[in-house]
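A.B. asks: Here it is: the structure, laid out below.
The values are calculated or read from the model by the stated rules, or taken from the named source; none is laboratory data. Everything numeric here is computed off the predicted structure, so don't read it as measured data. So basically every Cβ, Gly included, is an ideal-geometry build from the backbone, and we count neighbours across all protein chains shown.
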Amino acid sequence: MLKQILNKFLILNDVQAAIVIQENGEIIQSMKSGIMIKEELQKVMATIMLDSKKTAAQFGNASLSMVFVEFSDHFLILGPVMEEFYLVVIAKNTANIGQITYEMKKNQDAIVSLL
Amino acid sequence: MIDQLPEGKSIGWMQAPPQWIFTHTVRFVGVVRIVIQDGEGFILIKKGKPLVYYFKHGRIELRGNAALDYFNSHPIIEFNLCKYTPEEFSQALKICNVDEIIPESTGRQDQIAPVVPQEKGEEKTVEVQPGIKQPEQEPNPEQPEKPEPLTEEMVREKTLADDTERPLVPQPAVLEDPDIKIIGQIKKLNGIVAISVFDDDRNILLMGDVEIEPLLKVARTMLATANKITPHLDWGSFVHMTLQIPEGNVIVAPYHENHLCILTTRTINIGHIRRILRDLQQDRTQNILL
């Protein structure tokens with residue numbers, strides 16, 4: 001069921017991976033296309049999650065809504081789903097970020113219900 | 001006097017060390033309007049050459065090097081660069097009573113006048129400007145070291161000050177005019193609260209009304225995260241990192257050899273900002289290749 005939801009991201013143009021991941025880097029479920037999720041990438045995602053949570057807390061204990069890290073070829077969007085669970089979408093830089101964030105918000109409750 | 005000056009075309013409000021003004025106005029003709037606490041003042045500049053320094057707080061009025069010293073006594077000041085047309089500039093010169101022939105030296109080699117008691121009220125005018133017709137006076141030593149409250153005592157002290165040995169804190173010229181324009185244009189976009197250019201040591205330029213240190217702390221933390229992950233990803237060069245919290249977004253991005261930090265409202269069009277940041281980086285890459 002979670003795979004079906006993640007697949008909604010994968011059908012968007014130039015999206016390469018949709019992942020539900022824990023703060024410690026453990027992958028709960030993922031759907032990918034044309035990308036390998038190696039241990040190194042898991043560590044990167046864990047770093048972003050933990051660092052960003054701490055950084056957001058510097059704003060008077062603000063909660064983290066979303067993190068967006070862009071490189072010249074790819075970008076990564078990470079949004080908290082519940083507690084230590086996050087949804088991560090990796091895409092080529094030609095992907096439509098508005099569409100991705102819309103789908104992330106739209107499917108958040110459905111993902112929570114499956115965790 | 002401030003109110004009489006032509007308005008000019010505002011480039012934008014900034015926060016930077018006073019010396020930044022002198023190193024970044026080589027092609028600028030106009031007035032730099034300065035606000036410090038409840039007082040306001042200005043520096044009239046013609047292509048990097050400061051012609052008039054002026055500051056007024058309540059009934060206390062500082063001119064020339066007294067005003068310059070007061071500006072320099074603050075590590076960071078808030079100011080608005082306003083460009084003048086030749087006509088506006090001529091008008092400003094007349095208002096400031098500056099001679100048409102301006103001495104080649106900058107204000108730092110000014111002559112200092114003794115306190116000139118004003119006939120009306122209790123206002124005190126301390127120093128003369130280059131090119132302004134004023135009586136001669138004696139130089140004295142004085143070095144501002146930390147921000148000072150503007151008091152009448154300070155005005156009196158400054159009359160004893162020598163400005164022949166006034167040291168200038170060297171500030172690296174890190175931003176060019178086009179950079180300031182670009183930063184100003186980004187600041188003017190809807191939803192941009194503040195924009196800062198910073199390096200590893202300090203804030204170089206800030207446009208917007210925010211406390212810079214807490215913002216830079218967050219920006220540096222984000223940058224550290226980006227630096228940690230970049231070597232482990234084969235995704236090209238780092239373009240930006242955006243942190244979204246309920247109050248808004250914080251964006252960090254490389255900018256030449258420095259970094260940008262942008263604080264936005266939640267309603268900002270991230271796509272627009274993203275395009276700008278990508279364009280900036282493309283320009284940078286092209287410059288490196290050239």
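A.B. asks: So which residues in the stretch B:235-269 are within 7 Å of another protein chain (Cβ to nearest Cβ), of a type in the set (A, V, I, L, M) and either surrounded by fewer than 21 Cβ atoms within 10 Å (Cβ to Cβ) or closer than 23 Å to residue A:62 by Cβ (or both), if there are any at all?
C.D. replies: Scanning the stretch B:235-269 gives B:241, B:243, B:245.
A.B. asks: Given the residues B:23, B:85, which is the only one that is modelled with pLDDT of 85 or more and hydroxyl-bearing (Ser, Thr, Tyr)?
C.D. replies: Working: B:23 fails: modelled with pLDDT of 85 or more.
The match here is B:85.
A.B. asks: Which condition from (1) under 11 Å from the mean Cα position of the chain (by Cα); (2) under 29 Å from residue B:279 (Cα atoms) is the one that residue A:30 breaks?
C.D. replies: (2)
A.B. asks: Here is a follow-up. Return the residues of the stretch B:183-216 that are acidic (Asp, Glu) and either over 17 Å from residue B:13 (Cβ atoms) or in contact with a Ser or Thr (Cβ under 8 Å, 6 or more places away or on another chain) (or both); say none if nothing qualifies. Give the derivation first.
C.D. replies: Pass one, the stretch B:183-216, residues acidic (Asp, Glu): B:199-201, B:209, B:211, B:213.
Answer for the stretch B:183-216, where residues must be acidic (Asp, Glu) and either over 17 Å from residue B:13 (Cβ atoms) or in contact with a Ser or Thr (Cβ under 8 Å, 6 or more places away or on another chain) (or both): B:199, B:200, B:201, B:213.
A.B. asks: For the stretch A:30-73, what are the residues that are of a type in the set (Ser, Thr, Tyr) and facing another protein chain (nearest Cβ under 7 Å)?
C.D. replies: Of everything in the stretch A:30-73, those that are of a type in the set (Ser, Thr, Tyr) and facing another protein chain (nearest Cβ under 7 Å) turn out to be A:47, A:52, A:55, A:63, A:65, A:72.
A.B. asks: While we're looking at this one, here's another question. Can you go through A:52, A:33 and tell me which one is in contact with a strand residue (DSSP E or B) (Cβ under 7 Å, 6 or more places away or on another chain) and either buried (at least 16 other Cβ atoms within 10 Å of the Cβ) or of a type in the set (Lys, Arg) (or both)?
C.D. replies: Exactly one of A:52, A:33 is in contact with a strand residue (DSSP E or B) (Cβ under 7 Å, 6 or more places away or on another chain) and either buried (at least 16 other Cβ atoms within 10 Å of the Cβ) or of a type in the set (Lys, Arg) (or both), namely A:52.
A.B. asks: Moving to a separate point now. For the stretch A:79-88, give me the residue count where each residue is modelled with pLDDT of 95 or more and out of contact with any Leu (no Cβ under 6 Å at 6 or more places or on another chain).
C.D. replies: 1
A.B. asks: Just one of (1) within 14 Å of chain B (Cβ to nearest Cβ); (2) more than 19 Å from residue B:237 (Cβ to Cβ); (3) loosely packed, with under 15 Cβ neighbours inside 10 Å trips up residue A:84, so point out which.
C.D. replies: Of (1) within 14 Å of chain B (Cβ to nearest Cβ); (2) more than 19 Å from residue B:237 (Cβ to Cβ); (3) loosely packed, with under 15 Cβ neighbours inside 10 Å, only one is false for residue A:84: (1).
A.B. asks: In addition: So, in the stretch B:71-94, how many residues would count as being assigned to a helix (DSSP H, G or I) and over 26 Å from residue B:184 (Cβ atoms)?
C.D. replies: Result for the stretch B:71-94: 1.
A.B. asks: Here is a follow-up. Just to be sure before I move on: is residue B:193 under 22 Å from the mean Cα position of the chain (by Cα), closer than 24 Å to residue A:78 by Cα, within 14 Å of chain A (Cβ to nearest Cβ) and surrounded by fewer than 20 Cβ atoms within 10 Å (Cβ to Cβ) in the structure I sent? Break it down into steps so the answer makes sense when it comes.
C.D. replies: On the way: under 22 Å from the mean Cα position of the chain (by Cα): yes; closer than 24 Å to residue A:78 by Cα: yes; within 14 Å of chain A (Cβ to nearest Cβ): yes; surrounded by fewer than 20 Cβ atoms within 10 Å (Cβ to Cβ): yes.
Yes: the conditions hold for residue B:193.
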